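Some notes on the structure that comes next.
The values are calculated or read from the model by the stated rules, or taken from the named source; none is laboratory data. What you are looking at is a predicted structure, and each value in this text was computed from that prediction instead of being measured. As a convention, Cβ positions derive from the backbone with ideal geometry for all residues, glycine included, and neighbour counts pool all protein chains shown.
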Amino acid sequence: MTAPGVTITDLTVTYRGGQVRPLDRVNLSLPGGMVGLLGPNGAGKTTLMRVLAGVLHPAKGIVTVDGSDLTSRERRQRMKATAGYLPQELGLYPDLTARQFMDYMALLKGITDRTARRSRVEEVLELVALSDVANRKLKTYSGGMKRRAGMAQAVLNDPRLLIVDEPTAGLDPEERLRFRSLLATLAGERTVLLSTHIVDDIVQTCPNVVVIEHGSVAYQGAIGDLAAHADGMVWLVTQPVGTQPPDLPTVTITPTPAGNTYRVIDATRPASDAQLVEATVEDGYIALMHAIETTANRQPPQAHRPDANIHIR
Ligand SMILES: Nc1ncnc2c1ncn2[C@@H]1O[C@H](COP(=O)(O)OP(=O)(O)OP(=O)(O)O)[C@@H](O)[C@H]1O
């Protein structure tokens, strides 16, 4: 298996007859392996994933996988059959056992041969470490187990493009780690697009990242380079408890014996005793979001977003 070449050109998606535009002229090229998808709430990440999974029809634009345009209904159907998709809220049938559910999903995905289906179901259950509990009804599963069952159904057809929408939200640290390593195992020769709000999940698993903000691509490239957006701009400022916090983009607040230490982004030294520290990916992400917000606020309302794709680097 080889990772597919996924290219998105001038993709625009609209809802409610054009009143809502969650994606606006997006241009993107996905490399193989794990690709992180970051962005604030409502940025358009799920919408992008739904287009790639073939479940949502774009208003405009071209999505090609291995050079084949997915915009036609027939090709979208083919995409649905070859991509794996784990949506944020996957409806599991609570009264089915995991084994019955996988069998049903495998049938829906076109694995009609009974022996092949049984063997594939056992493989994916093993992959997500649910073999021992596969005869339990899904309604008895914990949140983490349900998420793993969701992952198992997403890989039943051995997809070359795997799309995973916030799989670690609400999981305890141990389940999160387990999920991360499962994703890393699956990445191998395929493309895995992983959306999450947890920057650390992406830092730990994805060599490349795409940042979406307001329906546009704000950044695409190596994860390490995202940190560079905050180079020379990350400061630790300590203030006594009870004083006004700095009016600056703040990455973290840490209580210390001397007061609260704020990790802030500022182009210039914010206080005489502020300590300059090395930028992390999270700092870079916050700096990027702040730069976009500042640029947007400076624009007159009638000239709203003339260039949909802000390529900062
Ligand atoms: N079916 C719909 N009808 C109308 N508007 C929608 C619909 N689905 C999404 N939207 C809007 O489109 C925008 C993008 O939504 P989307 O779910 O893609 O964002 P997201 O980046 O995945 O957000 P989150 O991180 O909160 O999951 C939001 O403003 C959302 O309210």
Within segment 194-222, restricting attention to residues that are part of a loop (DSSP other than H, G, I, E, B) and within 14 Å of the ligand (Cβ to nearest atom), which residue is surrounded by the fewest Cβ atoms within 10 Å (Cβ to Cβ)? His197
Segment 164-186, residues that are touching a Ser or Thr at 6+ places or on another chain (Cβ under 8 Å) and farther than 16 Å from Gly150 by Cα: Ala184
I'd like to know if segment 241-250 contains one or more residues that are in the same structural domain as Pro22 (by TED's automatic domain parsing) and among the small types (Gly, Ala, Ser). no
Would you be able to say whether some residue in segment 163-174 is in a helix (DSSP H, G or I) and either over 23 Å from Glu122 (Cβ atoms) or in contact with a Leu (Cβ under 6 Å, 6 or more places away or on another chain) (or both)? yes
Evaluation of Leu11 against (1) over 23 Å from Pro207 (Cα atoms); (2) within 12 Å of the ligand (Cβ to nearest atom) (one fails), failing number: (2)
Which of the residues belonging to segment 167-193 are exposed (fewer than 15 other Cβ atoms within 10 Å of the Cβ) and of a type in the set (Asp, Glu)? Asp172, Glu174, Glu189
Which residues, counting only those in segment 27-51, are within 20 Å of Ile202 (Cα to Cα) and away from the ligand (no atom under 12 Å from the Cβ)? Leu28, Ser29, Leu30, Pro31, Gly32, Gly33, Met34, Val35, Gly36
